[in-house]
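Note sheet for the following structure.
Only the coordinates and a few stated rules stand behind these numbers; no lab work does. Everything quoted here is computed from the prediction, not taken from an experiment. FYI the Cβ positions are ideal-geometry reconstructions off the backbone, even for glycines, and counts take in every protein chain you see.
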């Protein structure tokens, strides 16, 4: 899709939205897991916050298991 930039030139922009779907499904799954295992209200809130940053936990666990 072409857009005009500040200098009135056309700039081509291509977007790949498949990563958003993977992150969204991962967020839902992580939120269900963390909230269902929570022992109280504040642990559920903490679980929701953890679900937002689940890719960081995934990468950390992967690097830890690889020994890097």
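List of remarks:
- The fraction of Cα-Cα pairs per 5 angstrom bin, counted from 0 for region 21-68, comes to 5, 24, 24, 20, 16, 9, 2, 0 percent, rounded to whole percents.
- Simple spin-label estimate for residue 56 and residue 27 gives 1.5 nm between the two label positions (7 Å along the Cα-to-Cβ direction from each Cα).
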